[in-house]
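One structure below.
Every number in this text was worked out from the coordinates using simple rules, so none of it is lab data. Note that the structure is predicted; figures quoted are calculated from it, not measured. Cβ placement follows ideal geometry from the backbone for every residue including glycine, while neighbour counts extend to all protein chains displayed.
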Amino acid sequence: MRRVALYIVVILVAMLQACGTAPKGNGKILFVSIDPLRFITQQIAGEEWSVQTFVPKGSSPETYDPTPSQLVEVSQSKAFFMAGYLSYEVQWGERLKENAPNVEFCNTAQGIGLLNSKHYHGKEEHQGVDPHTWTSPRNMMQIAKNVCLVLSRIDASNKEQYLQNLDKLNTRLAKVDSTLTEELQNCKQKTFAIYHPSLTYFANDYGLRQLCIEDEGKEPSPQQLQQLIEQCRAQGVKTIFIQKEFNVQNAQVIAQEIGAQLVQIDPLNYDWEEEMLKIARYLSNETTN
């Protein structure tokens with residue numbers, strides 16, 4: 001069924017292209033998978049480039065399926081910067097490349113030491129490749145480098161400007177990393193709970209531990225939920241992070257049982273810098289709440 005759907009999409013894309021419905025623009029169009037990559041890419045590319053996010057705001061990159069019109073738009077761009085291992089990228093990556101042979105696709109996770117998604121569900125440890133590389137300022141430096149390399153290649157006449165922009169951005173990212181390190185180094189509570197394990201790299205960088213509520217993308221069973229409540233209580237969890245893309249009901253149950261605060265975060269926020277600092281502030285202050 002999914003193969004048939006893919007063929008239908010390809011046919012629709014071809015029809016749209018033949019009808020000339022693709023946006024013209026000035027030709028300086030870049031696509032990114034998610035808004036944090038748009039933040040990074042825009043800092044390096046500058047205002048002359050139009051940087052567009054593929055996954056719409058409010059949608060989850062874990063479950064997103066692109067529309068035919070989006071496939072047309074991507075084919076009119078110069079480059080597509082991917083996080084690398086998001087579910088929709090894995091499922092649609094090759095199809096996107098086949099549909100846009102003249103577009104340079106970049107896996108921005110290249111050069112990053114990928115982590116397993118090590119998280120704890122109840123008393124059991126789960127692992128798998130974690131795609132959320134952008135939640136680490138240190139990883140963002142490598143992501144920025146990868147973006148700069150591609151831009152310098154497809155627009156070589158402006159290479160020096162991109163390199164200057166990269167230097168400025170790296171200074172900014174290093175400051176964020178320094179602030180987070182200072183904010184979290186004396187944090188007594190090193191364990192937090194979260195519905196979807198999107199802070200694996202963040203936790204790894206700053207000596208933290210995340211307890212995950214979902215079980216491989218599914219709601220926990222009553223037994224698993226009880227195990228997680230016991231684990232949170234034993235670890236003295238004071239903060240449970242929730243994301244608007246996911247069901248918060250089980251997080252609310254845990255919070256009520258252990259007396260923790262629920263904090264909504266948005267790891268997909270374009271204002272990536274403020275989001276990372278916000279997360280750190282809640283963790284460093286949780287022992288005083």
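Springs join every pair of Cα atoms under 10 Å in this Gaussian network model of the chain, and among Asn165, Asn250, Asn186 the largest mean-square fluctuation is at Asn186. Scanning the chain for GluC sites (Glu not before Pro) that sit in a DSSP loop and have at most 10 other Cβ atoms within 10 Å, the longest stretch containing none of them is 49-215. Listed options for semi-axes √(5λ) of the Cα gyration tensor in Å are (i) 36, 24, 14; (ii) 24, 22, 20; (iii) 30, 23, 17. The value calculated from this structure is the one marked (i).
Considering only DSSP beta bridges with both partners in the chain, what is the antiparallel share in %, to the nearest 5?
20 percent
For region 159-186 versus region 209-251, the spacing of their alpha-carbon centroids is 32 Å. Computed from Cα positions, the angle between helix 2-18 and the longest principal axis of the chain comes to roughly 40 degrees. The angle between the Cα long axis of helix 137-154 and the main principal axis of the chain comes to about 0°, on a 0 to 90 degree scale.
The long axis of helix 159-184 is offset from the longest Cα principal axis of the chain by roughly 10 degrees. Once a ≥ b ≥ c are taken as the square roots of the eigenvalues of the Cα gyration tensor of region 185-288, is the result rounded (a/c under 1.5), prolate (a/b larger than b/c) or oblate (a/b not larger than b/c)? Oblate.
Computed extension gain for Asn102 through Glu230, at 0.36 nm per residue and net of the alpha carbon distance, reaches 40.7 nm.
Note on the chain: helix-only mean residue ellipticity at 222 nm, from DSSP H runs of 4+ residues weighted -39500 (n - 2.57) and normalised by residue number, equals -15000 deg cm²/dmol. The slack in the chain from Thr179 to Glu257, taken as 0.36 nm per residue of separation less the alpha-carbon distance, amounts to 24.8 nm.
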